[in-house]
Amino acid sequence: MAWQSPIVVHPPAADGGQQVTVRGQDAGVARSDDELTQLLRRAGLGEADIALDDPHLVEWRGGPHVWPHA
């Protein structure tokens, strides 16, 4: 199986929300770094696992780490 980042932020939907998966499981929709961090904490990740700009931890699909409506 191909290697994949444990956190995937999917391309933005029409409303600007981005689906988030953690280890292949749906974690919810985020619209900002704050919302993303909250989702990741609820998914059980600790501070060391929430480095949003680390490509080994987070894969930003559909573009760079920029929120479309931020």
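The values are calculated or read from the model by the stated rules, or taken from the named source; none is laboratory data. Given the structure is predicted, the values throughout are model-derived calculations rather than measurements. Backbone-built Cβ (ideal geometry, glycine too); neighbour counts: all protein chains shown. Ligands, DNA and RNA are stripped out before the accessible areas are found, and what is left, the full protein with its side chains, is counted by its heavy atoms. Shrake-Rupley method; radii C 1.70, N 1.55, O 1.52, S 1.80 Å.
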| task | Return the pairs, sorted by first residue and then second, in which the second residue is part of a loop (DSSP other than H, G, I, E, B) and open to solvent by less than 70 Å² (accessible area, probe 1.4 Å), the first residue lies in region 54-69 and is without any contact (Cβ under 8 Å) to a residue 12 or more places away in the chain, the beta carbons are less than 9 Å apart, and the residues are 6+ apart or on different chains. | result | D54/S5
| query | Pick from region 51-70 the residues that are among the hydrophobic types (A, V, I, L, M, F, W, C) and assigned to a loop (DSSP other than H, G, I, E, B): which of them is most open to solvent (accessible area, probe 1.4 Å)? | reply | A70
| Quick one: in region 5-50, which of the residues that are assigned to a loop (DSSP other than H, G, I, E, B) and touching a Lys or Arg at 6+ places or on another chain (Cβ under 9 Å) is most open to solvent (accessible area, probe 1.4 Å)? | D15
| task | Go through (1) at positive phi; (2) under 8 Å from the mean Cα position of the chain (by Cα) one by one and return the number of the condition G28 breaks. | result | (2)
